[in-house]
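Heads up, the thing below is written out as C-alpha cells.
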Amino acid sequence: MKEISLRVNGQQHRLQIDDPATPLLYVLRNQLELNGPKYGCGLEQCGSCMVLLEGKAIPTCRIPVSAVADKNIVTLEGLVDEDTLHPVQQAFIEHQAAQCGYCLNGMVITAVALLEENNHPDDTAIREGMERVLCRCSIQPRVMRAIRSAAQNMNP
Ligand code: FES
Ligand code: FES
C-alpha cells in the first residue's frame, strides 16, 4: 500500500493505493467516483478516458497513477463552474453532439484543450485536434458544429 497525493479538479486527495502502477482511470472512477472518463479500449487508442493533465488532453487508461502525483488533473466534472457548464459542454448540448455517449468525454476534454491552444481553429485544425478521439456513431459533423460554436462564444 502506498500513499499518493492527487490534485483533481482543484482538490487535493491523499489516497492509499495498493499498486502504484494502477492506471489513473481506475483511481478516478473507483476511488474518487469521477465517472466522466470512460473505459473504452484500455490501449490509449480511443480517447474515451481523456482528462486534462496540466491543460493537455491525455488518456488515463494506461498511465500509472504514481506518474501524475501532484500534477493538475481536470476531469469532465471539473469543467463545470459551480452550476455553469463550460462553453464546450453547453455547445455539445445545443448542437446535440452526442449519440451513444461512449466518445463524449474524450470529445469534450479534447475540444477544451484544443480551444485553449487555438482560439479560432479552422476546420482542418479542428479535425486534426480531434483525431485522437474515436466515434463509432458518426456524430462528427455535429461535433464540428459544436466546436465552431464554442470557439465563437468563447472568443467572439
Ligand atoms: S480507454 Fe483510454 S484511450 Fe481508450
Ligand atoms: S457518440 Fe457514440 S461513439 Fe461517439
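The values are calculated or read from the model by the stated rules, or taken from the named source; none is laboratory data. All of these numbers come straight from a predicted model, not from anything done at the bench. Quick reminder, even Gly has a Cβ in these numbers, built from the backbone with ideal geometry, and neighbours come from all protein chains shown. Calculation scope for accessible area: heavy atoms of the full protein, side chains included, ligands and nucleic acids excluded. Shrake-Rupley method; radii C 1.70, N 1.55, O 1.52, S 1.80 Å.
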Q: Note down the accessible area of E131, probe 1.4 Å, to the nearest 10 Å².
A: 130 Å²
Q: State in Å² the accessible area per residue of the chain; use a 1.4 Å probe, count heavy atoms of protein chains only, and round to the nearest integer.
A: 53 Å²
Q: Within the set of other residues whose C-beta is less than 14 Å from the C-beta of C61, count the net charge using Lys and Arg as +1 and Asp and Glu as -1.
A: +3
**Q.** Beta bridge orientation in the chain: antiparallel %, DSSP, nearest 5
**A.** 90 percent
Q. What's the Cα-based Rg to Rh of region 56-133, Rh via Kirkwood?
A. 0.97
Q) Mean projection of the alpha-carbon convex hull of the chain over all orientations, in nm²? A) 8.7 nm²
**Q.** Leading residue at positive end of dipole, the chain (Cβ point charges), from Q152, P59, I4
**A.** P59
Q. Span-like helices, the chain: DSSP H, alpha-carbon axial extent 15 Å or more, mean Kyte-Doolittle 1.0 or greater, which ones?
A. 104-117
Q: On the protein heavy atoms, probe 1.4 angstrom, tell me the percent of accessible surface of region 54-105 carried by carbon and sulfur.
A: 49 percent
**Q.** region 18-67, relative contact order in percent, only Cα pairs under 8 angstrom and at least six apart counted
**A.** 45 percent
Q.
I'd like the accessible area for I4, computed on protein heavy atoms only with a 1.4 Å probe and all protein chains in place. Round to 10 Å², please.
A. 10 Å²
Q.
Net charge around A125, counting only other residues with Cβ within less than 12 Å of its Cβ (Lys, Arg = +1; Asp, Glu = -1)?
A. -3
